[in-house]
Structures are given as C-alpha cells and as structure tokens.
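Data block below; observations after.
None of the figures in this text is laboratory data; all of them are computed from the coordinates on show. Keep in mind it's a predicted model, so treat the numbers as computed, not measured. Note that we place each Cβ from the backbone using ideal geometry, even for glycine, and neighbour counts take in every protein chain shown.
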Amino acid sequence: MGLTDKQQAVVMAAVFIIPSVATWMGLGFPTDRVALGILGSSVLSGFLAMCKELLGGTAPTPAPQEAT
C-alpha cells in the first residue's frame, strides 16, 4: 500500500525544505542577497511540490489496444 497524497506532500516538503535550510544554517546564516535568494527559491520549490502532491491526481493511462 502506498502513501496518501497528504503523506506524500509532507515528504516532498521535507525533502526540498529541510536540506536547504540545514545548508543555510551550516554556512552560518548568511544574509547576503544570493544566499537568501537561493534559500527562498528552495523553500518555494518545496512549497510548490507540496501543493502538487496535495492536489493529487493520477497519471493518464493509455487505452488498451485491440489485437489485430
């Protein structure tokens, strides 16, 4: 049995956000524009991935082909 959409959303947020915040903290909390820009884009990517998983949806399946 797989994960629910909500569980997948939490995993995606954690996968994108935690490593980027941990790296930023490991670098000593830099506050220059580049560092904050990279941190912001990573957090935004995690948020968007989480939203995508919350919305769910399934991949389209091709119609079965008839034997000729």
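Checking residue 34 against (1) under 20 Å from the mean Cα position of the chain (by Cα); (2) assigned to a helix (DSSP H, G or I), which test does it fail?
With respect to (1) under 20 Å from the mean Cα position of the chain (by Cα); (2) assigned to a helix (DSSP H, G or I), residue 34 is out only on (1).
Got at least one residue in the stretch 43-61 being part of a loop (DSSP other than H, G, I, E, B), in contact with a helix residue (DSSP H, G or I) (Cβ under 9 Å, 6 or more places away or on another chain) and either in contact (Cβ under 8 Å) with a residue 60 or more places away in the chain or of a type outside the set (S, T, N, Q) (or both)?
Within the stretch 43-61, one or more residues are part of a loop (DSSP other than H, G, I, E, B), in contact with a helix residue (DSSP H, G or I) (Cβ under 9 Å, 6 or more places away or on another chain) and either in contact (Cβ under 8 Å) with a residue 60 or more places away in the chain or of a type outside the set (S, T, N, Q) (or both).
Within the stretch 1-37, how many residues are surrounded by 15 or more Cβ atoms within 10 Å (Cβ to Cβ) and either in contact with a strand residue (DSSP E or B) (Cβ under 8 Å, 6 or more places away or on another chain) or free of Cβ contacts under 8 Å to residues at least 40 places away in the same chain (or both)?
Total satisfying the criteria: 6.
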